[in-house]
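Undergrad: Can you read through this structure? Questions will come right after.
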Amino acid sequence: MLQRPPAEPGMDESEVDTPALIIDLDAMEANLDRMAAFCRENGVGLRAHAKTHKSPVIARWQIARGAVGQCVQKTAEAEALAWGGVSDILVSNEVVTPRKLARLAALAKIADVAVCVDDARIVGLVEAAAEAAGARIRVLVEIDVMGMRCGVAPGADAAALARRIAASNSLIFSGLQSYQGAAQHLRSEEERHGAIAKAVRETVATIEAIKGEGLDCAIVGGAGTGTFTHEAASGVYNELQAGSYVFMDADYARNVPSPDFRQSLFVLSTVMSSARDGLAVVDCGHKGVAVDSGLPLVDGRPDITYVGASDEHGSMTLDGRLTVGETLRLVPGHCDPTVDRYDWYVGMRGRRVECVFPVAARGMMQ
């Protein structure tokens, strides 16, 4: 059940119920514009990853700026975007259960849908679902470029999968998924460059092997917010799948240099206890902000340190004392799972609420 919206347009920030997920609209729009300009200037497409924002509203803002479509990780996320008017969606993941594949095949009737495979058995499952629905589904071969997750071995094994897909009457071979996820948060530029250079070499070898089968890769996709400049510079990737750039978070800020985007996502919290000097407690703990990539920072207040989280409480240390009832903006350590905790975005222009809209794909794990 949706929670009631924490704010209404026209409110001041101090009136917003907390904890609340807020967007600095000026900062977010600057991020959208910057990435769109980068892609135009470098001749690559942007297939922005919606696992970050989980919103057809933001997806359509990206598409209005030239994005070719969206990525998702789950069938339910694809449904939420398609129902919200997004027409070109890649499930950049494997889908293997019959019910999910039936839903994906049904979705292919109203949107241009693609999915990834890394095993001939999965090809057969996708094919069966497409045939049962009377649909055709685009399929990409995912290769393992040392991301240590899904993916068939680059080269001959990937080419054999491409041949199998192309032989199907219900499937369309559409290219390669080559995402080096482990590289996104390598801290130094040299480490990130080295990881992506290796991924590029393996991707090129795979493209050549697929050409040997008489097939072309219409899509060569991958990249993330931490490395997209490297994939774009390679001349090999033609679609970038960056997602976090729209919001940013404290963990990406630790990269050197950090991605050149502004922090636009915050969790607004309220001081609920300030009984002792040097310690304050806000109403945002584990249930309000993800801590898998570290504790949040306090925006604009380097004198305050968020030192610990429990379910409903966040403990902070500082010199002096805060005022009960005052609000603080927290910068999440990891934006994606933080977004997934909320039903609503509160869009702020300065300190004024401009819009409130749902996190439509929140919690969609299936």
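Every number in this text was worked out from the coordinates using simple rules, so none of it is lab data. Only a predicted model underlies this, so the values are computations on that prediction, with no experimental measurement involved. Here the Cβ is made from the backbone with ideal geometry for all residues, glycine too, and neighbour counts use every protein chain on show.
Undergrad: By how many nm would the segment from N169 to A128 lengthen if fully extended, with 0.36 nm per residue of separation less the alpha-carbon distance? All intermediate terms of the calculation are to be shown ahead of the outcome.
TA: Numbers: separation 41, 0.36 × 41 = 14.76 nm, distance 1.08 nm.
Full extension of this stretch gives 13.7 nm more.
Undergrad: Turning to a different aspect of this structure: In µm²/s, what is D for segment 195-351 at 20 °C and 1.002 mPa s, where D = kT/(6 pi eta Rh) by Stokes-Einstein and Rh is the Kirkwood radius from Cα pairs?
TA: On the way: Rh = 18.1 Å.
Approximately 118 µm²/s, per Stokes-Einstein.
Undergrad: Using only DSSP helix segments of four residues or longer, with each worth -39500 (n - 2.57), what per-residue ellipticity at 222 nm results for the chain after dividing by its residue count and rounding to 500? Could the numbers behind the result be given before it?
TA: Values: 10 runs with 110 residues, N = 366.
Helix-only estimate at 222 nm: -9000 deg cm²/dmol.
Undergrad: What ranking do 2-13, 254-265, 77-88, 47-58 get when scored by the average of other Cβ atoms within 10 Å per residue, highest first? Show your work: numbers first, answer last.
TA: Details: 2-13: 13.8, 254-265: 16.9, 77-88: 20.2, 47-58: 24.5.
Answer by packing, highest mean first, reads 47-58, 77-88, 254-265, 2-13.
Undergrad: Shifting gears a bit: Give me the Å³ per residue figure for the convex hull around the C-alpha atoms of the chain. If you can, show how the numbers build up before the last one.
TA: On the way: hull volume 46.6 nm³, N = 366.
Per residue, the Cα convex hull of the chain comes to 127 Å³.
Undergrad: Give, in nm to one decimal, the length gained when the segment between R99 and D26 is fully stretched (0.36 nm per residue of separation minus the Cα-Cα distance). Write down the numbers at each step before the final one.
TA: On the way: separation 73, 0.36 × 73 = 26.28 nm, distance 4.11 nm.
Between R99 and D26, full extension yields 22.2 nm more.
Undergrad: Additional query: I need the calculated FRET efficiency for the pair K198 and E312, taking r as the beta carbon distance and R₀ as 41 Å, to the nearest 0.05. Spell out each step's value before the answer.
TA: Working: r = 44 Å, r/R0 = 1.08.
Taking R0 as 41 Å, the efficiency between K198 and E312 is 0.40.
Undergrad: Each residue of segment 16-21 in turn: what ³J(HN,Hα) in whole Hz from Karplus with 6.51, -1.76, 1.60 and θ = phi - 60°, glycine and Pro shown as x?
TA: 6, 5, 10, x, 9, 8
Undergrad: Within segment 91-122, name every residue whose backbone N is under 15 Å away from a label modeled 7 Å from Cα of Q366 along the Cβ vector.
TA: 96-107
Undergrad: Shifting gears a bit: Of the listed pairs K109/K211; K51/K100; K74/K211; K51/K109; K74/K198; K100/K287, which have alpha-carbon separations greater than 26 Å here?
TA: Numbers: K109/K211 30 Å; K51/K100 18 Å; K74/K211 30 Å; K51/K109 23 Å; K74/K198 28 Å; K100/K287 28 Å.
From the list (K109/K211; K51/K100; K74/K211; K51/K109; K74/K198; K100/K287), the Cα-Cα distance tops 26 Å for K109/K211; K74/K211; K74/K198; K100/K287.
Undergrad: Suppose we look only past 29 Å in the calculated P(r) of segment 44-248. What percent of the Cα-Cα pairs does that tail hold? The partial results should precede the final answer.
TA: Numbers: 4014 of 20910 pairs.
Cα-Cα pairs in segment 44-248 separated by more than 29 Å: 19 percent.
Undergrad: May I ask you to derive the FRET efficiency for E354 and S87 from their Cβ-Cβ distance with R0 = 22 Å, giving the value to the nearest 0.05? Write out the running numbers ahead of the final one.
TA: Working: r = 27 Å, r/R0 = 1.22.
So, using R0 = 22 Å, E works out to roughly 0.25.
Undergrad: For a footprinting-style exposure proxy, rank C355, C71 by other Cβ within 10 Å, fewest first. Walk me through the numbers on the way to the answer.
TA: Working: C355 14, C71 28.
Fewest-to-most Cβ neighbours within 10 Å comes out as C355, C71.
Undergrad: Have a look at L297, P154, L125 and report the one farthest towards the positive end of the charge dipole of the chain, computed about the Cα centre with Cβ charges (Lys/Arg +1, Asp/Glu -1).
TA: So the residue we want is L125.
Undergrad: To continue, here is another question. Using Cα pairs closer than 8 Å and at least 6 residues apart in sequence, work out the relative contact order for the chain, in percent. Please list the in-between numbers first.
TA: Numbers: 852 pairs, mean separation 78.7, N = 366.
Relative contact order for the chain comes out at 21 percent.
Undergrad: Roughly how many nanometres apart are two label points built 7 Å out from the Cα toward the Cβ at V324 and D112?
TA: Distance between the two pseudo-spin positions: 5.8 nm.
Undergrad: Multiplying the sequence separation of V256 and R276 by 0.36 nm and subtracting their Cα-Cα distance, what value in nm do you get? Could the numbers behind the result be given before it?
TA: Working: separation 20, 0.36 × 20 = 7.20 nm, distance 3.73 nm.
Between V256 and R276, full extension yields an extra 3.5 nm.
Undergrad: Which of C150, C335, C39 comes first, and how do the rest follow, when ranked by fewest Cβ neighbours within 10 Å? Provide the component values of the computation, followed by the final result.
TA: On the way: C150 19, C335 28, C39 22.
Ordered from fewest to most neighbouring Cβ atoms within 10 Å, C150, C335, C39 come out as C150, C39, C335.
Undergrad: Still on this structure, I have one more. At E15 and R34, where each label point lies 7 Å from the Cα along Cα→Cβ, what is the point-to-point distance in nanometres?
TA: Calculated label separation equals 3.2 nm.
Undergrad: Apply 1/(1 + (r/R0)^6) to the Cβ-Cβ distance of A160 and K287, taking R0 = 41 Å, and write down the FRET efficiency to the nearest 0.05. Intermediate results must be reported in sequence, preceding the final value.
TA: Values: r = 47 Å, r/R0 = 1.14.
FRET efficiency, A160 to K287: 0.30.
Undergrad: Report the charge-dipole magnitude of the chain in Debye, nearest 20, computed about the Cα centre from +1 at each Lys and Arg Cβ and -1 at each Asp and Glu Cβ. Mind dumping the intermediate values first?
TA: On the way: 36 positive and 47 negative charges, 154 e Å.
Roughly 740 debye for the chain.
Undergrad: Continuing with the same structure: Between segment 113-190 and segment 289-310, what is the C-alpha centre distance in whole Å?
TA: Rounded to whole Å, the Cα centres lie 38 Å apart.
Undergrad: Same structure again: Can you give the relative contact order of segment 44-248 as a percent, counting alpha carbon pairs under 8 Å and 6+ residues apart?
TA: On the way: 424 pairs, mean separation 39.3, N = 205.
Relative contact order, segment 44-248: 19 percent.
Undergrad: Still on this structure: Return the percentage of antiparallel bridges among DSSP beta bridges fully within the chain, rounded to the nearest 5 %.
TA: Values: 28 of 62 bridges.
Given both bridge residues lie in the chain, the antiparallel proportion sits at roughly 45 percent.
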